Amino acid sequence: MIPKACVVLVLAGLLAGCSRSGSSAVAPAEVVVYASVDDVFSRPIVEKFEKDTGIKAKLVVDTEETKSTGLVNRLIAEKNRPQADVFWCGDPVRAALLKSKGVTAPYKSPQLEGMPLDFTDKEHHWIGFSARARIIIYNTNLVAKGEEPASVLDLLDARFKGKACMANPLFGTTSMHATALFAKLGDEKATNFFDGFSANGGKMLSSNGEVRRRVVNGEYAVGLTDTDDYNEAREEKKPVGAVYADAKGMGTVIVPNAVMMINGGPNPELGKKFIDYLLNPETEKALAESGAAQMPVRPGVPVPAHVTPLDKLTPMPLDYPQLAERLLKLADGYLDEWARKNAK
Amino acid sequence: MNGFQLTSVSKAYGNHIVLRELTLTFAPGENTAILGPSGCGKSTMLRLLAGLDVPSAGQINLDGRPVSQPKMIILPPHARSVSMVFQDLALWPNLTVMGNVRLGLSGMTLERKEREGRAAEALQLCGIHELADRRPGTLSGGQQQRVALARALAVQPRYLLLDEPFSGLDLITKLRLLEDIRSLAKERHFTVLLVCHDPMEAWTLCRFAVTLEQGKVRESGPLLELLASPKSELLRVFRDHLPKSDSLRR
Amino acid sequence: MRNTLRTNSTGTWRWWGAIGIFGIALAPALPLFWQAFASRDGWLAGRGFPSALFNSFQVALAVAALSLLIGLPLGVATALYEFPGRGSLLAVVTMPILVPSFLWAIGWSALTAHLGPDVTAALSGHTGCVVVLLAAAIPLVLWVCHAATRNISGSQIEAARLAGGERTVLKYAIAHVAFSGVLVASLAGVLTLADPGPGLILGLRTAASEILTSFAARYDFNLAGRQCVYLTLAVLMLAIPMAIVAAPRLTAELLPRQVRSGQRSWHASVSWVLALGLFAVGLAFVILPWLGLSLPLTQSGHWSRALQEVRRTWLDTVIYAVGAGSIATILGFLLGFFAGKNHRLQVVSLGVALALFAIPPSQASLGVIYLSTNSPAWTDDLLRSRLTVCFALSIRFFPIAVVLGMRAWNSMSPSWAQAAYLHGVSPVRYGRMVVIPFLAPHAAIAGLLIALLATAEIGTVLLLQPPGHGSFPLAIFTVMANAPEGLVASLCFLYLVLATILLTGVFSLARRRLA
């Protein structure tokens, strides 16, 4: 017989656990932060914010990499009565999308002073900071020095036949990169690139992380991914190198983080404090020093040797709100078709 | 008129007619066996008497009062002063022997002390007082029968309905139980209505019998008289194989 | 009192009760379904959806067939024979039920990446999905066939043994449980339809991954809603006829009867073959992907960070698991009560439960978000709390509770209630003293099983967790893309160890309570 006391304890515990403390009715001294930036990078920053300000922060993390139905959907669904005060997004395209859906609220942070506004919404619905860049990762055992690809278009070369890979262009930063190529090259050249990639035996993998793994283990010689993925492999001393994709030419796709206030969030004042904290030079420095190896957007923030300062790169000029619109069309059109054909 | 009276009682489940126009009387003190082949409606008749089921047609009276009418139970089972030992005994497996008897008494308005007394007495009467703290699953078949009997007797019924409770028991245990019930019925003044396939069980416990065939009464009356000129094949075969000494004993 | 204790009684109240329970289970998904068809896009399901649906059904069919082929003989044999290493082999084979499929997919992916491109190519697409999804389908079929075999009486087995030895025993038992096996294998096939993970990781466009793409890449809730409905309808079309055919056999074979089960025997060759067979299944579907997950541990483990994650999330994980298990069990057992011995209602309940399984959990979760967003703040304790997560998880696994609940209720003899009625025992007292204690161990096992399954569900927790209250598997999910491989491997390793411990607990409880 299961002791009655046990049953009572379990039920009491459950009720207690599910009750007020677990509810979303957040106490006034708490800020709720949704983040689609990987937990390993976002949590230490949030914990430091709590320590430095004494404000309690509750973090809900998702990752675009693993293609969950995710926080962007949750934010859209919660629009009429949001639970979040702030959304810390891994890329500005989804930020622009949320703005177009009326999820965000404008906030002109005092920390904007001294920051370049290239990566920030003109109406301050979202603010770009610490950035990643799209890179071509290569296996140093398979690609000789001087033979590294410099442009994504190099992946169509015969020397990389059957040796190149990229993540599913419907998701994450790869989708942003793909859309940027359509914006920069035009529809015809961009479709030629994707068709050529397939024709050259290029492989579509499930995520940027998978691209990193497969290049690291030598299954593929080159792959398209992000700086943070490369940095993980570099820190683990894997035989890989990286080049900023199209650094000479059409420019490298820069993927800044984007932080935004949620329209109608429960604690807007605390939300603002969190945004100010995030835009602080110290936070950008911390993110540069972390495994994410992100490039500070603010000039003059010191970075470790393995992080290239943003002003040393040639960013691809991009209109993020337009990219967001274009991405939705492509996700329902060419890219969807391409992903379908290349699924196996 | 005392006892159970069935007047033109029929019972059907959907299109399937189980009992057809039964008119019978079970008088107090007349231990009666209800015999017949499988599916002839014996158990259904017992359930009608107990009030577990309603007749489709006809009426059942107890001591002259109507207790069941078509689609209506007028007097609920626990107010009929009947008790029943089910075919599968229906012992509540998670309760102890004492727990089974006590819960069986919970429908009666009794003082706690009296309830405890009755339960203990019923266990004593059935010879299982030493098993009071055991669960049914840990008992032998014969012991389980006695628990079911104790639970039934604890409520001090006027009618004890037995629905083939002895099938599966070895001969010695079965005969002991039958003898015990017969003497208890005499001592406690209750009437036994026994449903069984086996005329030997009927012979040991009852003086009266009813045989059913295809939902109808084939014959009824004192068992000895029925055996003298049996109409049903069941009693005919039984009579032909009954040892002479046994008839002398009765 | 009369009606309550007369368990055979039919009546419309049973139907209304069942409709009410299914209504509760369906309610969260309904707003999105409605919205999906009311939108101006009409009835479109997206260009690629039919082919993705076709892929899904191919995978489901393969999973059903192979899980039957492997699970049925193993289930029968484990019920009939003793074999060396029984406890540990069964625990290993059962483990995939408790682990999110994406972990196995990643494990395979990591292992094949290590073994080279040929192996990777061999284990991608259809094949990869089938291998990953089989891992959880096999134990499901195995255990149901095991239970059905235990319902064969000892004397029947002995008669078969006398007639033709072990071969006849096995043939007889397999024929006896085949129908239950087919049914549960189909259920396992249906379960795969709602799982997008393996398809995405191993490169196959399935209906579930298509739905996910509609949500996550196109942010088109209406399209996703319509796709969910089409998937559910497709399953329903298969499930209802199957339930009609299956229910009578199910009650005859799967539902317990009061029989003396045969003692498990030791037979030298059969026992060793069985042990080897189970080992092979464990190796192929559990140990190898586990190896893949653990490979990075050979270089670096991040144990302190992993333990920190466990400390941060264990309480919420337990609350979600216990809550989901309790609510699903209550709903499932209530449905079992309403279905009673009503054959038609049992058929309908099984069919609907099967179809409910096919609804992707994100659909219900987003429905709950809509509901909570459009409700006043005072409903937050109900609609935006950990209780909400528990509820959403419970309706995901409620169909399992339905089957187990119906099984438990059917194992109660109707004469128990009749005896209580005859003795004038009040229904409340009868319920308290007989029904609840009798059902409690069955409910505990159902609750535990669902709790374990719910632990492995990620999507629901991600969408509905109150801020700051994530679960442990979700923590793995959110770090696995970019965290150091050693950390991911440490987290996965800890999860698998904890799952093994929990599983051992369930086994010992089940053995003690239902022996």
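Counting only residues that are more than 8 Å from chain C (Cβ to nearest Cβ) and either in a helix (DSSP H, G or I) or surrounded by 19 or more Cβ atoms within 10 Å (Cβ to Cβ) (or both), segment A:322-336 holds 10 of them.
Check whether at least one residue in segment C:331-346 is open to solvent by less than 20 Å² (accessible area, probe 1.4 Å) and either within 30 Å of C:Ser214 (Cβ to Cβ) or within 14 Å of chain B (Cβ to nearest Cβ) (or both), and report yes or no. So far as segment C:331-346 goes, yes, one or more of its residues are open to solvent by less than 20 Å² (accessible area, probe 1.4 Å) and either within 30 Å of C:Ser214 (Cβ to Cβ) or within 14 Å of chain B (Cβ to nearest Cβ) (or both). Quick one: is C:Phe215 of a type in the set (Phe, Trp, Tyr) and more than 14 Å from every other protein chain (Cβ to nearest Cβ)? Here the answer is no, as C:Phe215 does not meet what is asked. Within segment A:260-308, being in a helix (DSSP H, G or I) and open to solvent by 30 Å² or more (accessible area, probe 1.4 Å) holds for A:Pro268, A:Glu269, A:Lys272, A:Lys273, A:Asp276, A:Tyr277, A:Pro281, A:Glu282, A:Lys285, A:Ala286, A:Glu289.
The selection criterion, being of a type outside the set (D, E, K, R), surrounded by fewer than 21 Cβ atoms within 10 Å (Cβ to Cβ) and in a helix (DSSP H, G or I), does not hold for C:Leu142. Would a scan of segment C:467-477 turn up a residue that is open to solvent by 30 Å² or more (accessible area, probe 1.4 Å) and either touching a Gly at 6+ places or on another chain (Cβ under 6 Å) or in a helix (DSSP H, G or I) (or both)? Among the residues of segment C:467-477, not one is open to solvent by 30 Å² or more (accessible area, probe 1.4 Å) and either touching a Gly at 6+ places or on another chain (Cβ under 6 Å) or in a helix (DSSP H, G or I) (or both), which makes the answer no. Return yes or no: is A:Gly90 open to solvent by less than 20 Å² (accessible area, probe 1.4 Å) and either within 14 Å of another protein chain (Cβ to nearest Cβ) or of a type in the set (A, V, I, L, M, F, W, C) (or both)? Yes; evaluated as a whole, the condition is true for this residue.
Have a look at C:Ala510, C:Ala454 and point out the one that is more than 14 Å from chain B (Cβ to nearest Cβ) and either modelled with pLDDT of 80 or more or within 25 Å of C:Asp195 (Cβ to Cβ) (or both). Testing whether each residue is more than 14 Å from chain B (Cβ to nearest Cβ) and either modelled with pLDDT of 80 or more or within 25 Å of C:Asp195 (Cβ to Cβ) (or both) leaves just C:Ala454. Flag not set for C:Leu494, criterion: open to solvent by 10 Å² or more (accessible area, probe 1.4 Å), at pLDDT below 85, part of a helix (DSSP H, G or I) and away from chain B (no Cβ under 14 Å). When you look at C:Gly164, is it touching a Cys at 6+ places or on another chain (Cβ under 6 Å) and part of a helix (DSSP H, G or I), yes or no? In short, no. Of the listed requirements (1) of a type in the set (Gly, Ala, Ser); (2) away from chain C (no Cβ under 13 Å); (3) open to solvent by 20 Å² or more (accessible area, probe 1.4 Å); (4) within 20 Å of the chain's Cα centre (by Cα), A:Ser100 misses just one: (2).
Of all residues in segment C:152-166, those satisfying the criterion of being among the aliphatic types (A, V, I, L, M) and without any contact (Cβ under 8 Å) to a residue 40 or more places away in the chain are C:Ala159, C:Ala160, C:Leu162, C:Ala163. Where residues in segment C:75-88 are in a helix (DSSP H, G or I) and open to solvent by 20 Å² or more (accessible area, probe 1.4 Å), which of them is nearest to the other protein chains (Cβ to nearest Cβ)? Looking at the filtered set, the residue picked out is C:Gly87. Working only within segment A:225-252, note down all residues that are under 21 Å from A:Leu310 (Cα atoms), part of a strand (DSSP E or B) and either away from chain C (no Cβ under 11 Å) or open to solvent by 40 Å² or more (accessible area, probe 1.4 Å) (or both). Listed by number, the residues that qualify are A:Gly241, A:Ala242, A:Val243, A:Tyr244, A:Thr252. Scanning segment B:56-89 for residues that are within 21 Å of C:Gly424 (Cβ to Cβ), touching a strand residue (DSSP E or B) at 6+ places or on another chain (Cβ under 7 Å), in contact (Cβ under 8 Å) with a residue 12 or more places away in the chain and more than 14 Å from chain C (Cβ to nearest Cβ) yields a total of 4. The combined condition, being within 14 Å of chain A (Cβ to nearest Cβ) and surrounded by 24 or more Cβ atoms within 10 Å (Cβ to Cβ), is fulfilled by C:Gly128.
Here A:His177 clears all of (1) under 30 Å from A:Gly241 (Cα atoms); (2) open to solvent by 10 Å² or more (accessible area, probe 1.4 Å); (3) in a helix (DSSP H, G or I); (4) not assigned by TED's automatic domain parsing to the domain that holds A:Pro281 except the condition numbered (2).
Please determine whether any residue of segment A:202-224 is more than 11 Å from every other protein chain (Cβ to nearest Cβ), small (Gly, Ala, Ser), in a helix (DSSP H, G or I) and under 18 Å from C:Ser124 (Cβ atoms). Looking for residues that are more than 11 Å from every other protein chain (Cβ to nearest Cβ), small (Gly, Ala, Ser), in a helix (DSSP H, G or I) and under 18 Å from C:Ser124 (Cβ atoms), one finds none in segment A:202-224, hence no. From the list B:Lys216, B:Lys174, the lone residue that is out of contact with any strand residue (DSSP E or B) (no Cβ under 9 Å at 6 or more places or on another chain), closer than 24 Å to B:Gly39 by Cα and basic (Lys, Arg) is B:Lys174.
Selection within segment C:390-426: residues that are assigned to a loop (DSSP other than H, G, I, E, B) and not small (Gly, Ala, Ser). The member of this set that is farthest from the other protein chains (Cβ to nearest Cβ) is C:Met412.
In segment C:24-56, of all residues being outside any helix (DSSP H, G or I) and within 14 Å of chain A (Cβ to nearest Cβ), the one that is most open to solvent (accessible area, probe 1.4 Å) corresponds to C:Arg47. When the test is whether a residue is touching a residue at least 60 places away in the same chain (Cβ under 8 Å), facing another protein chain (nearest Cβ under 10 Å), farther than 28 Å from C:Gln299 by Cα and assigned to a helix (DSSP H, G or I), C:Gly447 passes it. Is there a residue in segment A:118-133 that is more than 13 Å from chain C (Cβ to nearest Cβ), of a type in the set (A, V, I, L, M, F, W, C), more than 26 Å from A:Gln322 (Cα to Cα) and outside any loop (DSSP other than H, G, I, E, B)? No: segment A:118-133 contains no residue that is more than 13 Å from chain C (Cβ to nearest Cβ), of a type in the set (A, V, I, L, M, F, W, C), more than 26 Å from A:Gln322 (Cα to Cα) and outside any loop (DSSP other than H, G, I, E, B).
Comparison of C:Thr213, C:Thr192 shows that the only residue that is free of Cβ contacts under 8 Å to residues at least 40 places away in the same chain, part of a helix (DSSP H, G or I) and surrounded by 24 or more Cβ atoms within 10 Å (Cβ to Cβ) is C:Thr213.
Every residue, every condition in (1) part of a helix (DSSP H, G or I); (2) of a type in the set (Asp, Glu); (3) in contact (Cβ under 8 Å) with a residue 24 or more places away in the chain, yes or no:
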{"position": "B:Val101", "(1), (2), (3)": "yes, no, yes"}
{"position": "B:Met108", "(1), (2), (3)": "no, no, yes"}
{"position": "B:Arg115", "(1), (2), (3)": "yes, no, no"}
{"position": "B:Arg118", "(1), (2), (3)": "yes, no, yes"}
{"position": "B:Leu123", "(1), (2), (3)": "yes, no, yes"}
{"position": "B:Asp133", "(1), (2), (3)": "no, yes, yes"}
{"position": "B:Arg146", "(1), (2), (3)": "yes, no, yes"}
{"position": "B:Arg151", "(1), (2), (3)": "yes, no, yes"}
{"position": "B:Leu169", "(1), (2), (3)": "no, no, yes"}
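Of the residues in segment C:199-206, at least one is on the phi > 0 side of the Ramachandran plot and open to solvent by less than 20 Å² (accessible area, probe 1.4 Å).
The values are calculated or read from the model by the stated rules, or taken from the named source; none is laboratory data. Not measured: the values here are computed from a predicted model. Cβ coordinates were reconstructed from backbone atoms using ideal geometry, including for glycine residues, and neighbour counts include every protein chain displayed. With ligands, DNA and RNA removed, areas are computed over all heavy atoms of the protein, side chains included. Shrake-Rupley method; radii C 1.70, N 1.55, O 1.52, S 1.80 Å.
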